[in-house]
1. If the only charges are +1 at each Lys and Arg Cβ and -1 at each Asp and Glu Cβ, what is the size of the charge dipole of the chain around the Cα centre, to the nearest 20 debye?
2. What are the GluC sites (Glu not before Pro) within segment 33-99 that DSSP puts in a loop, where the Cβ has at most 11 other Cβ atoms within 10 Å?
3. Among the aspartates and glutamates, which fall within straight-line cross-link reach of LYS424, defined as a Cα-Cα distance under 12 Å, with same-chain neighbours fewer than 8 residues apart omitted?
4. What percent does the relative contact order of segment 3-262 come to when contacts are Cα pairs within less than 8 Å and at least six residues apart?
5. Would you mind calculating the relative contact order of the chain from Cα pairs under 8 angstrom and at least 6 residues apart, reporting the percent as a whole number?
6. Taking every pair of distinct Cα atoms and averaging 1/r, then inverting, what Kirkwood hydrodynamic radius in Å comes out for segment 145-220?
7. Between exposed chymotrypsin sites (Phe, Trp or Tyr not before Pro) in the chain, where DSSP calls loop and at most 14 other Cβ atoms lie within 10 Å, what's the longest gap?
8. Over all directions, the average projected area of the alpha-carbon convex hull for segment 3-262 comes to how many nm²?
Amino acid sequence: MVCEMGLALESTNDKGRFYMSAVKGIWKGYERYDFTVNGREALVVSPKEAAPGNPWVWRAEFFDAFSQVDMALLEQGWHLAYCNVSDMYGSPEAIELMHPFHLHVCSTFGLAEKPSIFGFSRGGLYAVNYALKYPESVSSLYLDAPVLDLRSWPGGNGKADQYKKEWEECLQTYRLTEEQFAQFRESPLDRVAELAALQIPVILVVGDADEDVPFLDNGHPFAERFAANGGEIEVIVKPGVAHHPHSLDDPTPVAEFIQRVFYSESETESIGAEWDIMSANAAKRIVFLGDSITDDGTYISYLDAFFRQHFAEQPYTFINLGVSSETASGLSEPDHPFPRPCIHERLERALSESRPDWTVICYGMNDGIYYPFSEERFAAYRDGMDRLIEAVRATGSKVIVMTPPPFDAPSLSGATLLPEGEEKYSYLTPFTRYDDVLERYAEWVLGLEAAVDAVIAIREPLLHYIAERKKLQFRLPLRRRHSSRCRRPLGHCTGAP
C-alpha cells in the first residue's frame with residue numbers, strides 16, 4: 001500500500017533547490033519515502049528503530065544491488081538513502097546535484113551530518129568526488145570494485161576494453177573532447193593525496209579477477225597511494241572474483257568498519273564537549289595521577305595535541321605525576337621486586353606543589369595485584385580511590401576519574417599466565433583472566449559520577465580498538481587485508497611493573 005504524505009514541503013528559490021512531498025511506501029518490510037530534489041528521484045528507507053546519532057548510508061549508485069552491507073546496517077538502526085544522478089560519472093555537475101539532497105535529508109529526516117557513502121563500480125567516482133568537495137559532510141567511504149580512474153573505465157586506457165557508449169557519455173558530461181581528456185587529471189586516482197589529507201577513512205572491497213574495472217588499474221594504486229599519504233584504509237581482496245558479485249557474503253567486516261568510524265567520530269565530538277567544561281571554568285593546570293599507564297605519557301601527549309588543535313586560545317599546562325608500579329589501594333604482590341608505591345604516600349606534597357585546577361585520576365591496573373578477584377582487595381581499591389578523590393577535592397581542584405584500561409593478556413611479553421587456584425601471582429605471572437577483575441573495578445568507577453566532576457569510560461573503546469587492531473594487516477601485496485592505521489590506544493593496555 002502506498003499513500004502520499006506531506007513530509008517535506010519546502011522550496012528555496014534563491015539556491016535553486018526544490019523539494020517535493022514524499023510518497024510513503026514499504027520496502028523489504030521497512031518504511032520507504034520517495035521524493036524528488038531538483039527534479040532528481042530520491043528516497044530514504046527508515047529502520048524500525050534509529051540507532052543513536054541517526055546514522056545513514058548513502059548509496060551513490062545502484063540502490064538495492066548487492067545490498068548485504070546496506071541491509072546489515074538497516075537492521076542495526078541505520079537509514080538508507082539514494083539520489084538518482086546516474087550516467088553523470090561523478091562529474092562536477094553531479095556533485096552539485098547531490099549536495100542539496102544531502103542537506104534535505106539531514107534537515108527533514110533528522111539524519112546525521114556525516115553519512116557513509118557507498119561507491120559501487122562507477123559509484124566510486126561519485127563517492128570520492130563528493131568527499132573531496134564536501135569533506136566535512138562524509139564519515140567514511142565504502143568503495144566496492146570502484147571506478148577510480150576514468151582513463152581505465154570507461155576510457156579503456158589500461159587492462160580493460162573501452163566502453164564506447166559510456167565513454168561518449170562521460171566526455172559529454174565532463175564537457176571534454178578526446179584531446180582535452182588527454183590532459184585531464186581530475187579522476188579520483190589523480191587526487192588520492194588530497195583525499196588522504198582529509199582523514200576520511202576508506203574500506204575497499206575488490207575482486208582480483210575483475211576484468212571490467214581492473215583492480216591493478218583502480219583499487220590497487222589507489223590503496224597504495226592513499227596509505228602512503230597517511231590515509232586510513234582497509235582493503236579486502238576477494239581471490240578469483242570478477243567485477244560481480246559485489247560486496248561480501250558476510251557483510252560484518254564492512255559494517256563494523258563503518259560503525260566504528262561513525263561512533264569514534266561521535267566519541268571525539270563528545271570528548272570535545274566534555275573538555276569544553278574546562279574551557280568554561282578557565283582551567284589552567286591539569287595534573288595527571290596514575291600508575292605506569294599515566295607515567296608512560298602517551299595518552300597525555302594525545303590530549304595535549306587535541307587541546308592545541310581545539311583549544312589553542314587556552315593556556316593549559318599538563319603536569320604528568322604518574323608513577324610506575326603505583327596503586328591507590330596500597331597493596332603489593334609478594335613477588336614484586338619492591339613494595340609497590342601508593343599514591344597516598346606522596347599525595348599531599350604532589351597536590352601542594354602542582355596546585356591543580358583539574359586532576360585526572362587513573363588507577364586500577366596494579367590494584368588487583370594480578371590475582372583473581374577478591375572482595376578484600378576490591379574494598380582496598382575502593383577505599384583508596386574514595387580517599388584520593390576526597391583529598392583532591394579538598395584542594396579546590398575539579399576531579400576527572402578514568403576507568404582502568406583493559407588487561408590485554410595476549411600482548412604480554414615475557415609473562416606466564418596462570419590459572420585460578422595458584423598460590424601466588426604477580427605482574428610476571430598474572431592470573432589468566434585478570435581482565436575480569438579490572439572489569440569489576442571499571443564498573444565501580446563508572447558509578448562515581450555523583451562524587452566527581454566527570455568519569456571517562458576508556459575500557460570499552462580500548463577493547464574495541466584492540467579487537468580492530470588484531471584484524472588489521474599491513475602489507476597489501478602479500479595479504480588480503482590492509483590498513484594504514486597506526487594510532488596507539490590511550491596508553492598501553494597491559495599493566496607494566
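Read the figures in this text as sums done on the coordinates, not as results from a lab. Keep in mind it's a predicted model, so treat the numbers as computed, not measured. Note: ideal-geometry Cβ built from the backbone for every residue, glycine included; neighbour counts use all protein chains shown.
1. On the way: 47 positive and 73 negative charges, 121 e Å.
Rounded to the nearest 20 debye, it is 580 debye.
2. On the way: sites: GLU41, GLU49, GLU61, GLU75, GLU93, GLU96; in loops: GLU49, GLU61.
Of the GluC sites (Glu not before Pro), the ones in loops of segment 33-99 whose Cβ has at most 11 other Cβ atoms within 10 Å are GLU49.
3. Answer for LYS424, where 12 Å is the Cα cut-off: GLU333, ASP335, listed by chain and number.
4. Numbers: 530 pairs, mean separation 40.9, N = 260.
Answer for segment 3-262 is 16 percent.
5. Numbers: 946 pairs, mean separation 51.0, N = 497.
10 percent.
6. Values: mean 1/r = 0.0757 Å⁻¹.
Roughly 13.2 Å, rounded to one decimal.
7. On the way: sites that count: PHE184, PHE474.
Longest gap between qualifying sites, sites excluded: 185-473.
8. Values: hull surface 54.5 nm².
Result: 13.6 nm².
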